[in-house]
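The values are calculated or read from the model by the stated rules, or taken from the named source; none is laboratory data. Just so we're clear, the structure is a prediction, and the values are computed from it rather than from any experiment. Cβ atoms come from the backbone with ideal geometry, glycine included; neighbour counts cover every protein chain shown. Calculation scope for accessible area: heavy atoms of the full protein, side chains included, ligands and nucleic acids excluded. Shrake-Rupley method; radii C 1.70, N 1.55, O 1.52, S 1.80 Å.
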Amino acid sequence: MKKTASGFVAHGALMLSGLLLMHAPLGLCAQEISEVLPDLTELPAMRVDDANHSVQLAVARAGNRLVSVGEQGIVLLSDDDGQSWSQASGVPVSVTLTDVEFISPTEGWAVGHSGVVLRTETAGEQWVKVMTGQEIVATIKTAVESLPESEDMADVLKRNASYLTGDEPVLDVHFSENGEGWLLGAYGIALHSRDAGQTWDSAFSITGNPNSYHLYQYIPADSHDGLIVGERGLVSRSAEESGVFESSPIDYQGTFFGGVASGSDQFVLFGLRGNVWAGAGDSWTQIPTGSQASFSAGVLTPVGIVLGDVTGRLFLKSGDSEQVRELAQASDAAITDLIVSPGGQLVMSTARGPKRLELDSTEFK
């Protein structure tokens, strides 16, 4: 079901930084400006009059509720299948939030810039801060420094970890039904939990990503281990028993923003410049899309896999078809996430707020 269009993650951060700098007193040096500007990881999200049209980057189901997250810590809630939205009142940060996921109707997680990790037990109304980037990087650096010199790529991993500052965004959060959790992000950021998020361990050295490429999504699958995808065509799959991910070779060097498990041992991956690939393991086939626009979201629906792109268009891959067909201009802005609502509607987060579309419309037949 995920996710995030990196261009709009970056856009949100740059826009927010620009607005803050515009209001900083003139004549100050960089250090003085940093002292004047508020710490957005400590500044609660403000109420916004037009929050429903804010940049939204991810949407998830919390039982019968929908929860969307985006710029400036804005969290939107809908209890009517996405027809109307209200802003959550208790978000303790103002950073851009990039992803959200719920493990029960009330308990959920959200992540974002500056390594922020939030948790809610109130179906998204009130949130508490669990971690920031400083804590994530400290966990990674401690683990990497303990790697024996004899381990493959130990020197490279230690060097790459030393470059982390704590400002890196977390781009994806995922929990499986057994409580296994993943946090993935920029420059190879990766943490793993085996106890539903009570504790987190570094996964920096086990994701099959020694070059520390950006990691965009963990793609779960029902009957087998999932995949981790990222930039430079990174596709990593967990090796049996070891739990260490190994890179899966693919003839594509662009970024994968995410993917969808489409069946037993099968995945559909999507990314830059209209790239869609299908397969598993070491066998991948490019699917023609007829588009040069980047795909930024995807979801498995009763009618097939629906993909959304950065121009606001929707595409459908039906069953075992080796083609995708364009459905509609569903949004006047980039689609950043897609989900099927409790009532069966297609709900999307976009750069101009959440929107919805009927899955039983003629477009999907």
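For the chain, what is the charge dipole size about the Cα centre, in debye to the nearest 20, if Lys and Arg each add +1 at the Cβ and Asp and Glu each add -1 at the Cβ?
Values: 21 positive and 46 negative charges, 170 e Å.
Around 820 debye, computed over the chain.
If packing is taken as the mean number of other Cβ atoms within 10 Å per residue, what is the order of 206-214, 179-187, 110-118, highest first? Please report the intermediate quantities before stating the final value.
Details: 206-214: 20.2, 179-187: 22.2, 110-118: 26.6.
Per-residue Cβ counts within 10 Å, averaged per peptide and sorted highest first, yield 110-118, 179-187, 206-214.
With θ set to phi - 60°, apply the Karplus curve 6.51 cos²θ - 1.76 cosθ + 1.60 along the range 340-355 and write out the HN-Hα couplings as whole Hz, x wherever there is a Gly or Pro.
Per residue, the Karplus-derived 3J(HN,Hα) values read 8, 6, x, x, x, 8, 8, 10, 10, 8, 9, 6, 10, x, x, 9 Hz.
Would you mind checking which residues have amide H under 5 Å from Leu215's amide H? H placed 1.01 Å from N; only 5 or more apart, or other chain.
Gly185, Ala186, Tyr187, Gly188, Ile189
Got a sec to turn the phi values of the range 191-203 into Karplus ³J(HN,Hα) couplings, 6.51 cos²θ - 1.76 cosθ + 1.60 with θ = phi - 60°, whole Hz, x for Gly and Pro?
For the range 191-203, the Karplus-derived couplings read 10, 9, 10, 10, 10, 6, x, 5, 9, 10, 10, 5, 10 Hz, x marking Gly and Pro.
Once phi is turned into θ = phi - 60°, what whole-Hz ³J(HN,Hα) does the Karplus curve with 6.51, -1.76 and 1.60 give for every residue of the range 323-338, x standing for Gly and Pro?
10, 10, 10, 6, 9, 6, 7, 8, 8, 8, 8, 4, 8, 10, 7, 9
Enumerate by residue number the GluC sites (Glu not before Pro) in the range 244-327 meeting two conditions: DSSP loop (anything except H, G, I, E, B), and at most 13 other Cβ atoms within 10 Å of the site's Cβ.
Details: sites: Glu246, Glu322, Glu326; in loops: Glu322.
Those satisfying the criteria are Glu322.
Quick check: residue separation of Glu145 and Arg273 times 0.36 nm, minus the Cα distance between them. What number comes out in nm? Let's see the in-between values first.
Working: separation 128, 0.36 × 128 = 46.08 nm, distance 3.80 nm.
Gain on stretching Glu145 to Arg273: 42.3 nm.
Keeping to pairs on different chains or 8 or more places apart, tell me how many lysine pairs in the chain have Cα atoms under 23 Å apart.
Lysine pairs satisfying the spacing and distance rule in the chain number 11.
Using only C-alpha atoms and all pairs of different ones, pull out the Kirkwood radius for the range 277-329 in Å with one decimal. Could the numbers behind the result be given before it?
Working: mean 1/r = 0.0863 Å⁻¹.
Roughly 11.6 Å, rounded to one decimal.
Could you put Thr142, Thr165 in order of accessible surface area, largest first, with the 1.4 Å probe and the full protein assembly present? Walk me through the intermediate numbers first.
Working: Thr142 100, Thr165 75 Å².
If we order Thr142, Thr165 from most to least accessible, we get Thr142, Thr165.
Quick one: which residues, 5+ away or cross-chain, put their amide H under 5 Å from the amide H of Leu164? H built at 1.01 Å from N.
none
Return the carbon/sulfur percentage of the accessible area of the range 138-203, one whole number, probe 1.4 Å, all protein chains in place. It would help to have the intermediate numbers written out before the result.
Values: 1520 of 3140 Å².
The nonpolar share, carbon plus sulfur, comes to 48 percent.
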